[in-house]
Amino acid sequence: MADTDRKVLAICMTAAFVFWLILNLSQEYSIRREVTLEYIVDPERVLVGRMPETLEADVSGTGWNLVWESLVPGPLPVTIDIRNRDNLRLTNAELRQQVQRRLSSGALAVDNLGFESVTILTTPKEGKRVPVRSQVSLSFANGFLAADLPILEPDSVTVSGSTDELDDIAYWPTEELTLTGVNNSIKRIVTLAKPAEGLTLSRNEINYTLNVEAFIQKDIEVPVTVVHAPEVDSYRINPSTVSLRVSVPQTAYESINASDFSLVADLENLRNEDGRNSVPVILQEQPDEVISVFFETRSVEYYLIKE
């Protein structure tokens, strides 16, 4: 094919494409657009119930107009202003008009909005003070444990919203947070869980403090105390002391001793027939600082001594 023929063919194909494009873009088409609804209310009032937040609308028009509309990023934002009003009847027609104003061309039309007329009600905002509940999960490195409970500052928060919504709120959680391999004390800011639509918090975060210590083991000999023993005849127990293996924070190692523990052998319901009985040993008291206690001797032998 000669060069002249190629040029003529290219011109013809270009012209055909242009005519095809003009013909097709002049026809009617439809696209789907997402619509987001934002409600503006007076600061001292809140919405009653949950209102629609997102919708989908069919936008129709010529291809030329829809090309530009499809290039607009994100959803179509629509603001519903109900300030200075206790209620508002929002109809499908009114909402369609507001969506229409957000379109890139007045030649475009909104169809099939998928919205039924609804009455938007507001109520005076109330406040309720509730405790904060930690949702922080911890796993400690070997040899480390929490020395006490975590401290939340502040330990409560004010939730504002409608009375009906506040009635079901007994506490407010933090966001879920997982910390692993903890081997140092923790002091950090923790975010509170995000409130649902219509609720607000007096603050969005709290201070979380936890004292973490290394713990060590200590062996302590503790005497066994007999209770409810018979008043007649003499007796003795064997062994008279039990060795406790105690896990304690390193800072409390020196301050904990045998007098801080109470081991008891209770003879209240004991039947003595042959002069010798096995009595369980119960740990009744231990210091708050103690993490765990282990002892192998779980019982003592009780002997009557007859004169």
Q: Count, please, the residues in segment 137-194 that happen to be surrounded by 16 or more Cβ atoms within 10 Å (Cβ to Cβ), within 22 Å of residue 43 (Cβ to Cβ) and within 17 Å of the chain's Cα centre (by Cα).
A: 4
Q.
Tell me the residue from 108, 149, 166 that is under 30 Å from residue 185 (Cα atoms) and of a type outside the set (Ser, Thr, Tyr), please.
A. 149
Q. In this structure, is residue 70 farther than 23 Å from residue 40 by Cβ and without any contact (Cβ under 8 Å) to a residue 60 or more places away in the chain?
A. yes
Q. Give me the pairs: first residue in segment 197-225 and closer than 22 Å to residue 173 by Cβ, second residue at pLDDT below 85 and open to solvent by 70 Å² or more (accessible area, probe 1.4 Å), beta-carbon distance under 7 Å, and six or more apart or on different chains, which are they?
A. 197/50
Q: Return yes or no: is residue 218 over 30 Å from residue 282 (Cβ atoms) and either open to solvent by less than 60 Å² (accessible area, probe 1.4 Å) or not aromatic (Phe, Trp, Tyr) (or both)?
A: no
(Q) Are there strands (runs of 3 or more DSSP E) fully within segment 153-255 with at least 2 residues that are basic (Lys, Arg)? List them. (A) 186-191
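The values are calculated or read from the model by the stated rules, or taken from the named source; none is laboratory data. Not measured: the values here are computed from a predicted model. Heads up, the Cβs are rebuilt from the backbone with ideal geometry, glycines too, and the neighbour counts pull from every protein chain shown. Surface accessibility is based on the protein's heavy atoms, side chains included, excluding ligands, DNA and RNA. Shrake-Rupley method; radii C 1.70, N 1.55, O 1.52, S 1.80 Å.
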